[in-house]
Amino acid sequence: MSFDARAVVRRIGVLAVFLLSVVTLLFFLLQLTGDPAEVMVGDSGTPEQLEQVRKQYGFDRPLAEQYVRYLVNLAQFDFGVSFANDQPAFSLVMDRVGPTLLLTFLSIIATLAIAVPLGAWLGARPDAPERIAGGIAVYIAQGVPGFVAGLLMIQLFAVHLRWLPSIGHEGVATWILPTLTLASFLAPKLTRVVAANVTEAMREDYIRTARASGAGPSGLLWRHALPNALLGATALVGAQFAFLISGAVITEVIFAWPGLGWLLVKATTTLDFPVIQAAVFVIAVLVFAVNTLTDVLFRFIDPRLRTKGI
Amino acid sequence: MSGEEVLSVDDLRVSFPARNGSGANFNAVDGVSLSLARGETLGIVGESGSGKTMLALSAMGLVPKPGRITSGSITLRNRRIDDLGERDLCDLRGREIGMVFQDPMTSLNPVRRVGALLVEAIRRHNKVGKDEARCRALDALRAVGIPSPEARLRAYPHELSGGLRQRVMIALALVNHPPVIIADEPTTALDTTIQAQILGLLRERLSDAALILITHDLGVAAELCDRIAVMYYGRIVEAGSAESILSRPRHPYTAGLLAAVPNFDFGRPTLVPIPGAPPDPSTPVNGCAFQERCQRRTPICATKPLLREHTGGLVACAHPAEEETIHA
């Protein structure tokens with residue numbers, strides 16, 4: 001892969017503009033939701049307490065000054081302290097990144113392990129009756145909301161069969177149900193994309209060439225059609241990462257998984273703005289990083305794009 | 001014809017269901033017979049839709065669905081192959097019969113390296129290790145005149161020029177030394193100068209193997225072929241030695257094709273196009289399929305003419321040109 005310095009600079013510039021937009025939006029979102037000092041003091045607060053909090057956090061300053069100070073603090077990863085327990089919001093959030101990434105990563109692995117073979121099988125001969133039935137089943141699965149799938153799996157594997165724990169984050173056994181739940185968001189969609197791409201690839205001229213040199217049905221599918229079909233699938237997995245993070249929010253709440261999503265939900269219900277801002281900021285950076293990674297990966301697996309820079 | 005017969009096709013019909021959903025079938029290949037001897041080059045000439053590619057694909061067992069062989073037989077080296085199952089056909093393809101396709105850009109897998117395609121084809125038919133297969137792949141690239149073959153093994157098709165890609169395509173078809181090769185418009189997608197190189201390569205590489213060259217270009221056929229069969233509407237309308245077909249065409253369609261070939265004979269007034277267009281393969285025709293476009297047409301042309309001996313060749317026409325007629 002060739003290294004293109006201009007492309008890297010451009011990519012960093014895009015990141016800067018993107019992050020500035022995100023934090024600016026977060027700043028004004030806070031102003032729009034009412035008086036943050038009132039939230040912090042609570043219903044029982046006296047006017048004196050309110051005034052003190054305003055001074056302490058600078059809410060009495062002009063908006064422009066608050067915005068600049070906010071940016072300066074952010075540049076040092078200082079999002080302020082959590083309203084709930086006075087701990088720095090940024091480190092609270094960073095503690096939760098690991099579990100969320102673990103869950104997202106595991107679920108992508110699970111998604112690929114389900115969707116690639118299933119999609120290849122469905123797409124290789126799309127008109128075979130058993131595969132038409134399979135396609136309909138995947139279509140229905142795509143319509144089931146992820147949290148319903150999660151609750152059904154808890155009911156079956158944790159409550160009835162007692163094979164797996166339903167909550168927590170200690171040990172591999174506790175990883176399985178959350179992983180499958182999150183995978184159920186993306187796997188049906190990816191299965192259908194792989195199947196459609198395989199069907200399309202099987203009609204290409206190069207498949208006929210491979211047949212003419214003696215390739216059998218399985219060689220055609222796995223060595224010739226699937227590598228082409230996976231190009232489109234990679235783009236989908238990358239594009240769906242943001243969606244997976246939001247899926248992780250629901251999944252983390254269901255399984256009491258100590259990740260970003262669960263923290264974000266708690267912070268939102270208590271209007272803990274420093275934590276909300278820090279969490280959204282970190283999620284935005286993660287999504288950006290994954291999108292960049294997907295682009296690089298895409299160039300790696302599609303040889304036609306390899307000669308261009310990142 | 002001389003020598004051992006390697007491929008014969010007898011009264012072959014390849015049918016497709018009509019597109020209008022009437023349940024009727026039409027024949028893309030309609031009663032074609034031909035025979036190919038070891039080391040011989042046979043040209044099959046015709047316009048788009050004449051059935052020449054479908055004839056080639058049926059010899060490979062690659063008739064696309066929903067088409068199928070409805071009658072006749074194909075015999076490859078004394079073995080009937082038209083009724084073989086997919087598994088047996090896979091064993092034959094590439095080893096007993098190979099094919100070169102028209103467009104080397106779309107016909108080579110864009111995400112596979114040239115070496116991977118060759119090695120896979122070699123190991124499909126030979127019990128050899130990776131290193132041995134790689135050596136043979138190198139030999140195959142050398143044999144088709146590809147410069148710096150070691151580097152090309154690692155190349156992807158898009159990194160090669162059109163001419164090199166078609167050489168890779170030929171290397172892939174020849175890599176297991178099949179005794180019969182079918183080349184379907186092998187030079188149509190290439191520049192004229194590259195065309196000549198590729199035709200020269202095919203001729204040079206095929207001293208032993210028999211070649212079926214499918215082309216719409218009589219010039220290309222003249223370059224390479226011992227015998228030529230002219231197809232029209234799924235049927236062979238004229239066949240014979242290349243020399244006699246090109247200098248003394250008996251069928252008015254062949255004569256028309258020759259008159260439509262551009263050349264540098266300034267003495268000849270202009271190109272003479274054949275009036276009209278070939279009938280759509282899916283519409284039935286009674287009698288001679290060329291009659292609508294034919295100046296020699298008489299009422300007898302409403303009866304389908306059979307391919308019969310005429311002045312040293314075969315022709316399916318009620319009014320073939322006589323010995324002394326020279327084409328326009």
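Listing for the model above:
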{"item": "Inter-probe distance in nm under a simple model that places probes 7 Å from Cα toward Cβ, at residue A:71 and residue B:88", "result": "7.8"}
{"item": "Candidates A:114, A:154, A:132, ranked by Gaussian network fluctuation over chain A, Cα under 10 Å, top entry", "result": "A:132"}
{"item": "Tensor-based shape of the stretch A:49-122 (alpha-carbon gyration tensor, a/c under 1.5 rounded, otherwise prolate or oblate)", "result": "prolate"}
{"item": "Rounded Å value of the spacing that divides the Cα centres of the stretch A:149-187 and the stretch B:198-239", "result": "66"}
{"item": "Extension gain (nm, one decimal) between residue A:205 and residue A:164, 0.36 nm per residue minus Cα-Cα", "result": "9.9 nm"}
{"item": "Degrees between helix A:241-255 axis and first principal axis of chain A (Cα, 0 to 90, nearest 10)", "result": "70"}
{"item": "For the protein assembly as shown: span of alpha carbons on each principal axis (Å, largest first)", "result": "121, 60, 55"}
{"item": "Per-pair calculated FRET efficiency, R0 = 25 Å: residue A:18 and residue A:78 via Cβ, rounded to 0.05", "result": "0.80"}
{"item": "Dimensionless Rg/Rh of chain A - Kirkwood Rh, Rg from C-alpha atoms", "result": "1.08"}
{"item": "FRET efficiency, residue B:79 to residue B:203 (Cβ-Cβ, R0 22 Å, nearest 0.05)", "result": "0.20"}
{"item": "Residues of type aspartates and glutamates that residue B:127 reaches as a straight line, Cα spacing below 15 Å, ignoring anything fewer than 8 places off in the same chain", "result": "B:91"}
{"item": "Over the stretch A:187-310: Kirkwood hydrodynamic radius from C-alpha pairwise inverse distances, Å", "result": "17.3"}
{"item": "0 to 90° range, to nearest 10: angle between helix A:63-75 axis and chain A longest Cα axis", "result": "60"}
{"item": "The stretch A:3-83: radius of gyration over Cα atoms, expressed as a fraction of 2.2 N^0.38 Å", "result": "1.46"}
{"item": "Share antiparallel - DSSP beta bridges, chain B, percent rounded to 5", "result": "60"}
{"item": "Average beta-carbon neighbours from other chains, 10 Å sphere, peptide B:159-172", "result": "1"}
{"item": "Proxy reagent accessibility, fewest Cβ within 10 Å first, across A:22, B:9", "result": "A:22, B:9"}
{"item": "Counting DSSP beta bridges with both ends in the protein assembly as shown, the antiparallel % (nearest 5)", "result": "60"}
{"item": "Partners for residue A:266 among lysines (Cα-Cα distance below 21 Å; same-chain residues under 8 apart left out)", "result": "none"}
{"item": "FRET E, pair residue A:10, residue A:297, Förster distance 22 Å, beta-carbon r, rounded to 0.05", "result": "0.75"}
{"item": "Chain A: most fluctuating residue of A:201, A:183, A:113 per GNM, C-alpha cutoff 10 Å", "result": "A:113"}
{"item": "For a label point 7 Å along the Cα-to-beta-carbon line of residue B:126, residues of the stretch B:132-176 with backbone N under 16 Å", "result": "B:132-144, B:171-176"}
{"item": "Principal axes of chain B: Cα extent on each, largest first, Å", "result": "67, 51, 41"}
{"item": "Whole-Å distance, taken between Cα centres, linking the stretch A:227-304 and the stretch A:57-136", "result": "3"}
{"item": "GNM result for chain B, Cα springs below 10 Å: residue of B:171, B:259, B:289 fluctuating most strongly", "result": "B:259"}
{"item": "The stretch A:13-59: GluC sites (Glu not before Pro) in DSSP loop, at most 14 other beta carbons within 10 Å", "result": "none"}
{"item": "Tensor-based shape of the stretch B:211-262 (alpha-carbon gyration tensor, a/c under 1.5 rounded, otherwise prolate or oblate)", "result": "rounded"}
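Coordinate-derived values only; no laboratory data. The model shown is predicted, which means the values in this text are computed figures rather than measured ones. Please note: Cβ atoms are built from the backbone with ideal geometry, for glycine as well, and neighbour counts cover all protein chains shown.
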